[in-house]
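Structure first, commentary second.
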């Protein structure tokens, strides 16, 4: 197995609106759709579409949502033997409202996803983790305890660990996902730390991420990357910062763009790209995802190459 993922697996139920309603407000939906989603599921699907051998582990229910998830993974050739189907339980799902500009509001219902335990990881999934080249781990919905156990197993086996901090520490504490100490352990275990923009701002205490990104490198051997939306990303490693501009596209839905970025970043590292080329490739994956509806509107290798080769601002990149 090249890449294994642990984290959020969900089906996203979409409502399309002209504008997102304010607090206590109402709005009329124009359309309704559903698409497979969840951070871990989105990342691993992007990697599968790029041609990687992939797997994920966790729990789903024996409901319609669970069947949608399993069928979509199998369609993309993702190994599902470590996804436990729990009878009588509901799988995770989300409600997502998307406005005419592509901005969104998301409400998450974890359900059986959050019943994965440390003991489950040790007894059922440890060998899968050890046999992988990269472990994709996250802080998003799932409690940090089983994620940390997976990361410890990966570190002991010499597996590269990429940690996606998809929510702020405030959200982690508010939802009882874990403690600040748990989060700091996850960051310490990671070889690559990629916090979302909001999490980076909270950890740094400033919105000037690029100027202070080096402060997120808690160990000099680590790689830190922060996605900056349409601006691209900033990467810090080996004592220097690299700012990689994004790719202009016509945005339809930004849901899952950050997850596609993570998949592209992992792909670059897996294939030995330079950090600059890894950042460019990841940015192109994120940009492509914005051109479709659904968090798994991820591109194939050919489609990502096309984004790069047709960029409006010419800049050198690797021969992918």
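The values are calculated or read from the model by the stated rules, or taken from the named source; none is laboratory data. Predicted, not measured: the structure shown is a model, and the values here were computed from it. Note that we place each Cβ from the backbone using ideal geometry, even for glycine, and neighbour counts take in every protein chain shown.
Of all residues in the stretch 154-168, those satisfying the criterion of being surrounded by 20 or more Cβ atoms within 10 Å (Cβ to Cβ) and either within 17 Å of the chain's Cα centre (by Cα) or not in a loop (DSSP other than H, G, I, E, B) (or both) are 154, 161, 162, 163, 164, 165, 166, 167. Figure legend. Inter-residue proximity from the stretch 24-52: first residues free of Cβ contacts under 8 Å to residues at least 40 places away in the same chain, second residues in a helix (DSSP H, G or I), beta-carbon distance below 9 Å, spacing 6+ or different chains. Indicated pairs: 34/65; 34/68; 48/73; 48/263. Here is the figure for the stretch 135-154: residues that are closer than 22 Å to residue 53 by Cα and touching a helix residue (DSSP H, G or I) at 6+ places or on another chain (Cβ under 6 Å) total 8. Checking each residue in the stretch 8-53 for being within 30 Å of residue 162 (Cα to Cα) and assigned to a strand (DSSP E or B) picks out 10, 11, 12, 13, 14, 34, 35, 36, 37. All conditions in (1) at pLDDT 95 or above; (2) within 18 Å of the chain's Cα centre (by Cα); (3) farther than 18 Å from residue 220 by Cα hold for residue 178, with the sole exception of (2).
Starting from residues that are touching a residue at least 24 places away in the same chain (Cβ under 8 Å) and in a helix (DSSP H, G or I), keep the ones in the stretch 169-183 and report whichever is farthest from residue 5 (Cα to Cα). Step by step, filter the stretch 169-183, then rank; the result is 170. The residues of the stretch 64-90 that are outside any helix (DSSP H, G or I) and either out of contact with any helix residue (DSSP H, G or I) (no Cβ under 9 Å at 6 or more places or on another chain) or within 26 Å of residue 2 (Cα to Cα) (or both), listed by number, are 76, 77, 78, 79, 80, 81, 82, 83, 84, 85, 87, 88. For the stretch 133-142, does any single residue satisfy the condition of being under 25 Å from residue 264 (Cβ atoms), surrounded by fewer than 21 Cβ atoms within 10 Å (Cβ to Cβ) and in contact (Cβ under 8 Å) with a residue 60 or more places away in the chain? Yes, the stretch 133-142 has at least one match. Considering the conditions (1) touching a residue at least 40 places away in the same chain (Cβ under 8 Å); (2) surrounded by fewer than 24 Cβ atoms within 10 Å (Cβ to Cβ), residue 3 is excluded by exactly one of them, (2). For the stretch 91-119, the tally of residues that are part of a helix (DSSP H, G or I) and touching a residue at least 60 places away in the same chain (Cβ under 8 Å) stands at 1. Looking only at the stretch 276-292, residues that are part of a helix (DSSP H, G or I) and out of contact with any helix residue (DSSP H, G or I) (no Cβ under 9 Å at 6 or more places or on another chain) come to 1 in all. Once the stretch 293-309 is narrowed to residues that are touching a helix residue (DSSP H, G or I) at 6+ places or on another chain (Cβ under 7 Å) and in a loop (DSSP other than H, G, I, E, B), the residue that is surrounded by the most Cβ atoms within 10 Å (Cβ to Cβ) is 295. Scanning for something closer than 19 Å to residue 296 by Cα, surrounded by 22 or more Cβ atoms within 10 Å (Cβ to Cβ) and within 17 Å of the chain's Cα centre (by Cα), does the stretch 220-236 turn up at least one residue? Checking the stretch 220-236: at least one residue is closer than 19 Å to residue 296 by Cα, surrounded by 22 or more Cβ atoms within 10 Å (Cβ to Cβ) and within 17 Å of the chain's Cα centre (by Cα). The residues on offer are 260, 186, 225, 199, and the sole one that is touching a helix residue (DSSP H, G or I) at 6+ places or on another chain (Cβ under 8 Å), closer than 28 Å to residue 4 by Cβ and assigned to a strand (DSSP E or B) is 225. Against the numbered list (1) closer than 17 Å to residue 84 by Cα; (2) at pLDDT below 95, residue 31 comes up short only at (1). Enumerate the pairs (first residue in the stretch 249-270 and in contact (Cβ under 8 Å) with a residue 12 or more places away in the chain and at positive phi; second residue anywhere and surrounded by 22 or more Cβ atoms within 10 Å (Cβ to Cβ) and not in a loop (DSSP other than H, G, I, E, B)) with beta-carbon separation below 8 Å, excluding pairs fewer than 6 apart on the same chain, so at least 6 apart or on different chains. Close Cβ pairs satisfying both conditions: 256/37; 256/42; 256/289.
Do we find a residue being surrounded by fewer than 14 Cβ atoms within 10 Å (Cβ to Cβ), within 17 Å of the chain's Cα centre (by Cα), farther than 16 Å from residue 64 by Cβ and modelled with pLDDT under 95 anywhere in the stretch 107-117? Among the residues of the stretch 107-117, at least one is surrounded by fewer than 14 Cβ atoms within 10 Å (Cβ to Cβ), within 17 Å of the chain's Cα centre (by Cα), farther than 16 Å from residue 64 by Cβ and modelled with pLDDT under 95, which makes the answer yes.
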